[in-house]
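Structure first, commentary second.
Each value in this text was obtained by applying a stated rule to the coordinates, not by laboratory testing. No experiment lies behind these values; they were computed from the predicted model shown. Glycine also receives a Cβ, built like all others from the backbone with ideal geometry; neighbour counts cover every protein chain displayed.
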Ligand code: TYD
């Protein structure tokens with residue numbers, strides 16, 4: 001599977017807008033975990049690893065940032081600045097989050113429970129595993 005930008009459902013309303021994500025319709029996996037990244041100081045990077053099994057959906061609930069993915073051959077870059085877009089990140093993708101704006105809030109929906117053994121934190125090891 002390739003990374004893909006998903007246009008989430010949105011209800012535009014003069015009282016404010018509403019979007020949602022449901023298993024099965026917007027996600028190709030069962031939700032096991034939700035986490036969020038916030039208060040990122042200017043210039044900081046998050047990520048810099050791949051997951052052996054975990055698949056994710058990343059949404060910029062507030063502010064903006066870039067989701068940069070690498071499959072070992074090519075790079076994919078998604079600029080998220082609206083809360084009705086989600087980036088689906090398949091397993092075995094090197095991933096970085098960067099260029100966070102002030103007060104940005106990244107919501108990440110994951111297909112697994114947290115497990116440090118699922119992380120690949122060395123890019124050379126990641127590339128080797130991709131070509132096996
Ligand atoms: P990490 O995934 O390395 O952060 P990022 O990829 O955004 O730079 O996680 C940072 C720390 O938080 C790490 O020590 C483990 C902990 N953590 C959990 O305990 N549970 C979780 O679901 C996540 C994502 C991280």
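General remarks:
- Search result, residues across segment 1-29 that are in a loop (DSSP other than H, G, I, E, B) and either within 27 Å of residue 132 (Cβ to Cβ) or within 14 Å of the ligand (Cβ to nearest atom) (or both): 1, 2, 3, 28, 29
- Strands (runs of 3 or more DSSP E) within segment 40-132 that include 1 or more residues away from the ligand (no atom under 11 Å from the Cβ) and surrounded by 18 or more Cβ atoms within 10 Å (Cβ to Cβ): 56-62, 65-70, 75-80, 85-89, 94-98, 105-110
- Lone unmet requirement of (1) loosely packed, with under 13 Cβ neighbours inside 10 Å; (2) away from the ligand (no atom under 14 Å from the Cβ); (3) within 11 Å of the chain's Cα centre (by Cα) for residue 36: (2)
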